[in-house]
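A.B. asks: Below you will find the structure I want to go over with you.
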Amino acid sequence: MSDLADLTLAAAAGGLRSGDLSAVELLEAVHRRAAMTEANLHAYLTLDREGAARAAVGADAGFKRGADLGPLQGIPVALKDNMVTRGLETTCSSKILAGYLPPYDGTATTRLRAGGAVILGKTNLDEFAMGSSTENSAYGTSRNPWDPDRVPGGSSGGSAAAVAAGSAMVAFGSDTGGSIRQPAALCGIVGMKPTYGLVSRYGLIAFASSLDQIGPLARSVEDAVAALEVVGGYDPADSTSYPGAVPDYRSGLESGVSGLRIGVVTELNGAGIEPAVQAAVNRTLDQLENAGATIVQLSLPSVEYALSAYYLIAPAECSANLARFDGVRYGLRRLGENVEEMMSNTRAEGFGPEVTRRILLGTYALSAGYYDAFYGQAQRVRTLIIRDFQAAYEQADVLVSPTSPTTAFPIGARTDDPLSMYMSDVCTIPSNLSGDPAISVPVGLDDAGLPIGFQVMAPALGEPVMFRVAAEVERLAAFGVRAPLASSEVG
Amino acid sequence: MGYEPVIGIETHVELTTNSKMFCGCPADFGAPPNTNTCPVCLGLPGALPVVNGTAVEYAMIIGLGLNCEVAPRSIFARKNYFYPDMPKNYQISQYDQPLCVNGHLDVETGAGTHRIGITRVHMEEDTGKSTHVGEGGRIQAASHSLIDFNRAGVPLMEIVSEPDIRSAEQARAFVTELRAAVLRLGVSDAKLEEGSMRFDGNISLRLEGSEAFGTKVEVKNMNSIRSLQRALEYEIERQTALLEAGEPVVQETRHWDEEAGTTSGMRSKEEAFDYRYFPEPDLVPVAVDHQWRARVADSLPELPAQARGRYIEMGLDGPVATVISRDIEYGSVFEAAVAAGGDPQTVANWLTGEVTALVRRTDLSLAAGPIDGASLAELSAMVSDGRLSASAAKDVLAGVAAGEGPPAAVAEQRDLIQVSDTAALEPVVDEVLAANTDAIQKLRDGDDKVIGFLIGQVMRATGGKADPGAVTELIRSKAG
């Protein structure tokens, strides 16, 4: 019998309902897997064994009573450590929040608990979600289950590694510039950023408020749909939340791509993309065309400036969002001669170098006399990008590109060169700026045996067509391979 | 040539909404420290603001009351600066796209009516409150500080005037009128002592006749309307002295010291904060459609200036009408008294005279107290039909205020009813005339002054209760 930890969510949900397996058994299998892999991967910052055990027992009791709380009931789920969890340490991988126990659950967490999910614990990330490798974590780097000498991507690297390794069945991350999709691509799993406003940000510790979005990391498109169904939908506690419930995504998953127009974004394909990655993307495009889709080549000229605009807007917002970490009310406090010195000492010691760099960048970009040239200009570029996307979606139902220009890179390879690290997100950032949904689906391996992600982007609230195309890509790619560290034989 | 002050006032008003600006916590004053708090107003990681619709409506009420245009779309911004009682280390405040713009308020002073422009009315959130323990309560020398976040997130309005004010006296009249308007509009309790209304002044001087502005100084920390006036008077003197000595006025923020009666420099222009405003990404724009605006505009209460106009039409003189129209309690008691048949000017005179003195002397609350429209109307009737003298009426008023009962009962009890019945007065008059034959002769000889003496004798004999009119008539008929 195969290891329960390797089941897809869909298969596990079926087994739970037929009585073939219990949530407690599932949790035990996942815990066993974590016990084998954590020493190598360090996907988790906190494993809440007691809380998870209670939730699993509760889920089983629910099934026995005939209560069906939805697709995540009894499913072991991991949360990125920037999602606040009541009474469970939430650090954002920062020293400044060491030991911080939030007094409340975020909306996504509340919905997961209400849906009977078994919350395993909190996964590692780049400090405050700023990074593309988890190397910016104050608590150690997570490793890629395909090659422990390489990064899992980031910032949701812990969530991606856990799902790829089987130490979580599904996980949640946050995506500000690609932080779900890029690690999903590097770890050979599915990662999805919903339309901005589809999932409530209440309880997500903000990095860049106008870009942040919670989304699922999963082993299949269908699993990602199930996870999104549970956390998505209107939340009055988030003003930027879309009114209305999550629509039906499932009915289109088997529809195929016949008759759909798939746009290849010139600016996000070819130049700067590793040949093996581009080759896998091109192979997928051929398959899609053979499956009945029309492939159109499209240009989004403003996308050339997306990275520059992003690195002004995101730091500007973060400079304000992270101002609250001052040692006055919670988290780290380092005393000084007066209150200014206390705040200064606390922040200097509490924040790592990348976070400090972005706060400084953002503070500068918003300063009197520079605002228009930097933040103002970046917002104008953002408007152009939104217009370019809108125009493109008149000619194509979805747009596609590689998710990441490269496969997983060795640990330490980019830490001394922030710009090369920033380039990891060149294909994913545009959808954050436009607020549109996008998903990464694994489509193959490079010569080193490292997974390659294929990105499908759709217009705002275009999740149905995005999932429809992603499901077809998944079928065509028949990726099927599991990370070496996800095998139960590996110790 | 003299210098002309150019003054603009920024007024902060806390709104009396049930809940805070961006969360559901109670916005009331006086709860135990840090009990009216939640993740949002404590600025906990992950928490998000949601705009309080009632606060928007209240701000709109103020804006419309001040003749402003209401923007169909306005936005919030983040104002960034570090301060321990500000939980997020930024304040959510409207900045370049406020809710209300381009209004005005007409202000009366002895010199006439002045129209003061209102640049904008915008919404923001209040901060928490720090208590610095030790060394006189100043942060620099405190051993430690305590923070109460109950006030953090309470809805605040900032009302910014144009630099249209030309004297400290006008500034006092402006804030007095503004406070009256805010109270009338029912959106704030505008208590200066509790800080639910506070103001900063911007003041510069220029040569009379000049159009250009001089260098501006911002003055903070005035806790009363009187201290605002004093601070501005002090600044006018200080800046005049500088200019006359040929020295420059430095652009800075100055702190008013109430006890010393002086201002001192807090922050120079170079040290001014760079607030790094940018649009608040956690909030969508505030949209006010035509229907909402129209509904609020249609339900606006009468403003002091309108009430004043109406009172003058009812026959009140200007100064008394101003005083009564500015106070919502006086206004409602006055109107009730007139509606019950009281004479407007008589009632108004009592309100601004005796009643005001009583209120000051005895901590009387007009709203809850026994002096109401009905009692003033009754008192007015007793004076006009001769049952009470003007001076006895004041005694009766004091009795009513002291809870002795309605005016008629008080007058009876205190034995203040005038005797105007001729039959009752005649024997007394006869007695007085019999004892003062010289005086009668003088009166008959045309010395009219002596009648005052005779009336006084009758009043003394009746213990002051005789109606002087009736007594005069009796003396004349008997002497003549």
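A.B. asks: Do the alpha carbons of any pairs in B:LYS20/B:LYS88; B:LYS88/B:LYS216; A:LYS193/B:LYS88; A:LYS122/B:LYS20; A:LYS122/A:LYS193 sit beyond 24 Å of each other, and which pairs? It would help to have the intermediate numbers written out before the result.
C.D. replies: Working: B:LYS20/B:LYS88 15 Å; B:LYS88/B:LYS216 31 Å; A:LYS193/B:LYS88 27 Å; A:LYS122/B:LYS20 33 Å; A:LYS122/A:LYS193 19 Å.
Listed pairs above 24 Å: B:LYS88/B:LYS216; A:LYS193/B:LYS88; A:LYS122/B:LYS20.
A.B. asks: Spit out the partnerless Cys residues in the protein assembly as shown, using Cβ distances under 4.7 Å as the pairing rule.
C.D. replies: A:CYS92, A:CYS187, A:CYS318, A:CYS427, B:CYS23, B:CYS25, B:CYS38, B:CYS41
A.B. asks: Grab the DSSP H runs of chain B that are 4 residues or longer, score each as -39,500 (n - 2.57), total them, divide by all residues and round the 222 nm result to the nearest 500 deg cm²/dmol.
C.D. replies: Computed ellipticity for chain B at 222 nm equals -11500 deg cm²/dmol.
A.B. asks: When only DSSP loop residues count, what GluC sites (Glu not before Pro) in the range A:321-403 have their Cβ near at most 16 other Cβ atoms within 10 Å? Spell out each step's value before the answer.
C.D. replies: Values: sites: A:GLU337, A:GLU340, A:GLU341, A:GLU349, A:GLU354, A:GLU394; in loops: A:GLU337.
Here the GluC sites (Glu not before Pro) that fit, given the DSSP loop and packing criteria, are A:GLU337.
A.B. asks: Helix check for chain A. Which DSSP H runs span at least 15 Å along their own axis by Cα, with a mean Kyte-Doolittle hydropathy no less than 0.0?
C.D. replies: Values: long enough: A:23-41 (26 Å, 0.20); A:49-65 (24 Å, -0.46); A:221-231 (16 Å, 1.41); A:275-290 (22 Å, -0.40); A:306-321 (22 Å, 0.67); A:339-350 (16 Å, -0.88); A:353-365 (18 Å, 0.07); A:377-395 (28 Å, -0.59); A:463-477 (20 Å, 0.36).
Both cut-offs are met by A:23-41, A:221-231, A:306-321, A:353-365, A:463-477.
A.B. asks: Here is a further query. Applying 1/(1 + (r/R0)^6) with R0 = 30 Å to the Cβ-Cβ distance of A:ALA348 and B:GLU270, what FRET efficiency is obtained, to the nearest 0.05?
C.D. replies: 0.75
A.B. asks: Okay, moving on. Given labels modelled 7 Å from the Cα in the Cβ direction, how far is it in nm from A:GLN297 to B:GLU302?
C.D. replies: 7.8
A.B. asks: Hey, got the average number of other protein chain Cβ atoms within 10 angstrom for residues in B:346-354? Let's see the in-between values first.
C.D. replies: Values: counts 0, 0, 0, 0, 0, 0, 0, 0, 0.
Per residue, the average neighbour count from other chains is 0.
A.B. asks: Which of the GluC sites (Glu not before Pro) found in the range A:429-491 are loop residues per DSSP with 14 or fewer other Cβ atoms within 10 Å of their Cβ?
C.D. replies: A:GLU489
A.B. asks: Would you mind calculating the gained length between B:ALA424 and B:ASP363 on full extension (0.36 nm times residue separation, minus the Cα-Cα distance), in nm to one decimal? Working shown, then result.
C.D. replies: Working: separation 61, 0.36 × 61 = 21.96 nm, distance 4.10 nm.
17.9 nm is the gain from fully extending B:ALA424 to B:ASP363.
A.B. asks: Within 10 Å, at most 11 other Cβ atoms, and a DSSP state outside H, G, I, E, B define an exposed site. Report the longest part of chain B free of exposed GluC sites (Glu not before Pro). Mind showing how you got there, number by number?
C.D. replies: Numbers: sites that count: B:GLU193, B:GLU208, B:GLU211, B:GLU259, B:GLU270, B:GLU271.
Longest site-free region, per DSSP loop and neighbour criteria: B:272-480.
A.B. asks: Using Cα atoms only, what is the angle between the long axis of helix B:168-185 and the major principal axis of chain B, expressed in degrees (0 to 90) to the nearest 10?
C.D. replies: 90
A.B. asks: Same structure again: Using only Cα atoms, tell me the angle between helix B:328-339 and the longest principal axis of chain B; keep it within 0 to 90° and round to the nearest 10.
C.D. replies: Helix B:328-339 sits at roughly 40 degrees to that axis.
A.B. asks: Return the aspartates and glutamates within reach of B:LYS129: Cα separation strictly under 16 angstrom, same-chain partners fewer than 8 residues apart disregarded; answer none if there are no such residues.
C.D. replies: Candidates past the 8-residue exclusion: B:GLU14, B:ASP28, B:ASP85, B:ASP148, B:GLU193, B:GLU194.
A.B. asks: Which of the trypsin sites (Lys or Arg not before Pro) found in the range B:239-321 are in a DSSP loop and have at most 16 neighbouring Cβ atoms, other than their own, within 10 Å?
C.D. replies: B:LYS269
A.B. asks: Quick one: Kirkwood hydrodynamic radius for the range B:79-203, alpha-carbon pairs, angstrom, one decimal?
C.D. replies: On the way: mean 1/r = 0.0600 Å⁻¹.
Kirkwood hydrodynamic radius for the range B:79-203: 16.7 Å.
A.B. asks: Using Cα pairs closer than 8 Å and at least 6 residues apart in sequence, work out the relative contact order for chain A, in percent.
C.D. replies: Values: 1240 pairs, mean separation 88.0, N = 491.
About 18 percent, as a whole number.
A.B. asks: A follow-up question, please. Sorted from fewest to most neighbouring beta carbons within 10 Å, what does the list A:VAL465, A:VAL265, B:VAL133 look like?
C.D. replies: Final ranking by Cβ density, sparse to dense: B:VAL133, A:VAL465, A:VAL265.
A.B. asks: Among B:VAL175, B:SER130, B:ILE203, whose Cα sits farthest toward the positive end of the charge dipole of the range B:3-295 (+1 at Cβ of Lys/Arg, -1 at Cβ of Asp/Glu, about the Cα centre)?
C.D. replies: B:SER130
A.B. asks: Could you size up the charge dipole of the protein assembly as shown around its Cα centre, putting +1 on the beta carbon of Lys and Arg and -1 on that of Asp and Glu, and report it in debye to the nearest 20?
C.D. replies: It comes to approximately 1500 debye.
A.B. asks: While we're looking at this one, here's another question. Counting only DSSP beta bridges with both residues in the protein assembly as shown, what percent are antiparallel, rounded to the nearest 5?
C.D. replies: If we restrict to bridges inside the protein assembly as shown, about 80 percent are antiparallel.
A.B. asks: Let me ask something else about it. Compute for the range A:114-220: radius of gyration divided by Kirkwood radius, i.e. Rg/Rh, restricted to C-alpha atoms, rounded to two decimals.
C.D. replies: Numbers: Rg = 12.6 Å, Rh = 13.3 Å.
With Rg and the Kirkwood Rh in hand, the quotient comes to 0.94.
A.B. asks: With the cut-off at 1.5 for a/c, could you classify the range B:4-114 from its C-alpha gyration tensor as rounded, prolate or oblate?
C.D. replies: Note, shape of the range B:4-114 comes out prolate.
A.B. asks: Taking 1 over the mean of 1/r across every pair of different Cα atoms in the range A:393-491, what Kirkwood radius in Å do you get?
C.D. replies: Taking the inverse mean of 1/r over all distinct Cα pairs, the range A:393-491 comes out at 15.2 Å.
A.B. asks: Just the ratio, please: alpha-carbon radius of gyration of the range B:283-353 over 2.2 N^0.38 Å, N its number of residues. Intermediate results must be reported in sequence, preceding the final value.
C.D. replies: Working: Rg = 16.8 Å, N = 71, 2.2 N^0.38 = 11.1 Å.
My calculation over the Cα atoms of the range B:283-353 gives 1.51.
A.B. asks: Let me ask something else about it. With viscosity set to 1.002 mPa s and temperature to 20 °C, compute the Stokes-Einstein D of the range B:304-413, Rh being the Kirkwood radius across alpha carbon pairs; µm²/s, no decimals.
C.D. replies: Diffusion coefficient, whole number: 157 µm²/s.
A.B. asks: For chain B, what is the relative contact order in percent, using Cα pairs closer than 8 Å and at least 6 residues apart in sequence?
C.D. replies: Once normalised by length, the contact order is 14 percent.
A.B. asks: Also, I was wondering about something else. Compute the orientation-averaged projected area for the range B:210-283 from the convex hull of its Cα atoms and round it to one decimal in nm².
C.D. replies: Dividing the Cα hull surface by four gives the mean projection, 7.9 nm².
A.B. asks: Moving on. Within 10 Å of each Cβ in A:318-330, how many Cβ atoms from other chains are there, averaged over the peptide? Could the numbers behind the result be given before it?
C.D. replies: On the way: counts 0, 5, 10, 7, 2, 9, 11, 2, 8, 1, 10, 7, 4.
Mean partner shielding for this stretch: 6.
A.B. asks: May I ask for the angle, rounded to the nearest 10°, between helix B:225-244 and the longest principal axis of chain B, with both axes built from Cα atoms and the value confined to 0 to 90°?
C.D. replies: Roughly 70 degrees between the two axes.
A.B. asks: How much of the pair distance distribution for the range B:422-479 lies past 15 Å, counting alpha-carbon pairs only, in percent?
C.D. replies: It works out to 37 percent of all Cα pairs.
A.B. asks: Quick one: what do you get for the protein assembly as shown if you divide its Cα Rg by 2.2 N^0.38 Å?
C.D. replies: 1.28
A.B. asks: Remind me, relative contact order of the range B:316-434 in percent, using alpha carbon pairs under 8 angstrom and six or more residues apart?
C.D. replies: Relative contact order, the range B:316-434: 22 percent.
A.B. asks: log₁₀ I(q)/I(0) of the range B:235-349 at q = 0.12, 0.15, 0.19 Å⁻¹, via Debye over equal Cα point scatterers, no solvent, to two decimals?
C.D. replies: Each listed q maps to, in turn, -0.86, -0.83, -0.91.
A.B. asks: Apply 1/(1 + (r/R0)^6) to the Cβ-Cβ distance of A:LEU419 and A:THR383, taking R0 = 25 Å, and write down the FRET efficiency to the nearest 0.05.
C.D. replies: With R0 = 25 Å, the Cβ-Cβ based efficiency is 0.50.
A.B. asks: Now for a separate question. Could you check how many percent of all C-alpha pairs in the range B:244-300 are farther apart than 17 Å?
C.D. replies: For the range B:244-300, the share of Cα pairs beyond 17 Å comes to 71 percent.
A.B. asks: Here's a follow-up. Rule-of-thumb check for the range A:4-252: C-alpha Rg over 2.2 N^0.38 Å?
C.D. replies: So the Cα radius of gyration is 0.90 times the expected 2.2 N^0.38 Å.
A.B. asks: Continuing with the same structure: Out of every Cα pair in the range A:246-391, what percent are spaced more than 18 Å from each other?
C.D. replies: Tail of P(r) above 18 Å: 72 percent of Cα pairs.
A.B. asks: For B:LYS442, list the lysines whose Cα falls under 24 Å from its own Cα; do not include residues on the same chain fewer than 8 positions away.
C.D. replies: Filter leaves B:LYS478.
A.B. asks: If we restrict to alpha carbons, what Rg and Dmax does the range B:144-240 come to, in Å?
C.D. replies: Answer for the range B:144-240, Rg first and Dmax second: 15.7, 52 Å.
A.B. asks: Simple spin-label model, 7 Å along Cα-to-Cβ: A:ALA391 to B:TYR81 in nm?
C.D. replies: With each label placed 7 Å out from Cα toward Cβ, I get 4.4 nm.
A.B. asks: Can you give the FRET efficiency for B:GLU162 and A:ARG357, using 1/(1 + (r/R0)^6), R0 = 45 Å, r = Cβ-Cβ distance, to the nearest 0.05?
C.D. replies: For B:GLU162 and A:ARG357, the calculated efficiency is 0.55.
A.B. asks: Find the all-direction average of the projected area of the Cα convex hull for chain A, expressing the result in square nanometres with one decimal place.
C.D. replies: If you wrap the Cα atoms of chain A in a convex hull and average its projections, you get 21.7 nm².
A.B. asks: Computed over the Cα atoms of chain B, what is the convex hull's projected area averaged over all directions, in nm²?
C.D. replies: So the Cα hull casts an average projection of 31.7 nm².
FYI, it's all coordinate maths here, none of it is from the lab. The model shown is predicted, which means the values in this text are computed figures rather than measured ones. Cβ: placed from backbone, ideal geometry, glycine included. Neighbour counts: every protein chain shown.
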